[in-house]
Structure formats: C-alpha cells, structure tokens
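The values are calculated or read from the model by the stated rules, or taken from the named source; none is laboratory data. Quantities reported herein were computed from a predicted structural model and do not represent experimental measurements. Every residue, glycine among them, receives a Cβ derived from its backbone with ideal geometry; neighbour counts consider all protein chains shown.
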Protein chains: 2
Amino acid sequence: MADITAIAKQFTDFYYSTFDTNRAGLQGLYRDNSMLTWEGQPLLGAATITEKLTSLPFEKVQHKVTTLDAQPSSATVASLIVSVTGLLVVDDSPNPLQYSQVFQLIPDGGSYYVFNDIFRLNYA
Amino acid sequence: MADITAIAKQFTDFYYSTFDTNRAGLQGLYRDNSMLTWEGQPLLGAATITEKLTSLPFEKVQHKVTTLDAQPSSATVASLIVSVTGLLVVDDSPNPLQYSQVFQLIPDGGSYYVFNDIFRLNYA
C-alpha cells in the first residue's frame, strides 16, 4: 500500500495547503457529482461545495494533520479512501479544534478528484 | 440520503453492539478482500481482522457514537461510506477515549459487508 499512502499524502498536502491559503482554488478538486457533508450538512457539486468552503466564517485557518490512513476503495478502479484526523487552528486561537475528515478520491485523467468528503469537528 | 443514513445507523448499531458483547461475531461482516487499518496497522481478510479484534487487550468495551455521516460511494453500485466519531469506554474507565472510524459497505445478497475499515483513536 506504499503507493496508496504516497498518493494520500500528496493529496492531503495539496488540499490543506490550498484550503489554508486560497480556498476558492479547491473547486478544481471537485466535480458536479461530488458530495461534501460538512458538520452534518449535505452539499452536492463543485460550485455548491466551493461556495460553502469559501464562506466559512474564519479569516485565517491552518490544518495540522495528526494521522493519515488510506486504502484502495474498489476492486476494479484505482480509487482510494483517505481518512485524516488532525487539528484546526482558527484565527490564531491558542486552542486548536480536533477534526476528522474522510475523502474518496477517484482517478481521472492522470489525476484524482474528490467524490466523497465528510468533515466533522470532534468535541471532547 | 434518508435511506443511506438509515442503513448507516442500522449497520453501526449492529456493529458496535456486536463489538461490545461478542467480538468474534464480527467475522461475518468481513470478506476475504476486506481491509482494516487499526491504529495504522494494515490487516487483510475476515480471519486476520477478526483475530486482531478479538485479541485487543480490554475485557469490557463500550462504543458511544457521537456523530454519524454517510454518503453513497459509487455512481453505479449501492455502496456507501460511513464516517463515525465517538467515545470508547474501556474497562469502565472514567476517561473515555475519542475515536474516528470509517467504513465502506458493499451490497451483497440483500445485505452489506465491510470492504474498508479504518480506525483511529484521537489523542488531544
């Protein structure tokens, strides 16, 4: 699973650095059939998802990945499930928030797009 | 997504009640190609997975689900991704552990089996 893990790492590095510096740039990672469930709210399609992500009420955000696991998600296609747990530092708060996020990545012309995305903050 | 959520709830209710009362009974939910990544350790196949789960070093365990989200995971098959965050109470400890778990469920003869399973404890 070395390749899967490398792909997952490359994806999450790119995803979170884009999220933290230029949220509108995430739109290219989603397609019309992509799903995001954000804190229980279901959103469908790249445009709707990007609108949600760019309207989140924080000025400055930083994701710090704590754990990253990946598995192939299909016996026939080179898709993968990526599970992340980490910390979200919002607006330089000294109290980072714990989060869990799951992606399913689907191969598409030499790259991948996000078909599934589920995000949750974890409150103690 | 009402059906998807109901299926996810039914599955996790069954999965965690079986885990908490009769861990060996989980074997029937996995197949030979099922994957479990347990705290970063990759395991393949129902027998290997069940051996791991039944050998975990706690006598008594209780899962308490905090959040449960589900999405269809394929455009062609009625499979689904289930993302859980919750608390694990081990051996009546007063300090429950936070965990995140992701499943992909694949339809199989009127029921579902677990193709993907990723489990992580979340340390603050």
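Summary of computed values
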| item | result |
| --- | --- |
| Residue within segment A:79-89 that is of a type in the set (A, V, I, L, M, F, W, C), facing another protein chain (nearest Cβ under 10 Å) and either exposed (fewer than 14 other Cβ atoms within 10 Å of the Cβ) or more than 15 Å from the chain's Cα centre (by Cα) (or both) present | no |
| Which listed residue is of a type in the set (D, E) and closer than 19 Å to B:T5 by Cβ, from B:D108, B:D32, B:D91, B:D69 | B:D69 |
| Segment B:22-71 - residue that is touching a helix residue (DSSP H, G or I) at 6+ places or on another chain (Cβ under 8 Å) and among the polar types (S, T, N, Q) and, of those, farthest from the other protein chains (Cβ to nearest Cβ) | B:T54 |
| Which numbered condition B:A75 fails, given (1) more than 21 Å from A:S83 (Cα to Cα); (2) modelled with pLDDT under 95; (3) of a type outside the set (D, E) | (1) |
| Qualifying residues in segment A:95-124 (those that are more than 10 Å from every other protein chain (Cβ to nearest Cβ) and within 14 Å of the chain's Cα centre (by Cα)) - the one surrounded by the fewest Cβ atoms within 10 Å (Cβ to Cβ) | A:Y113 |
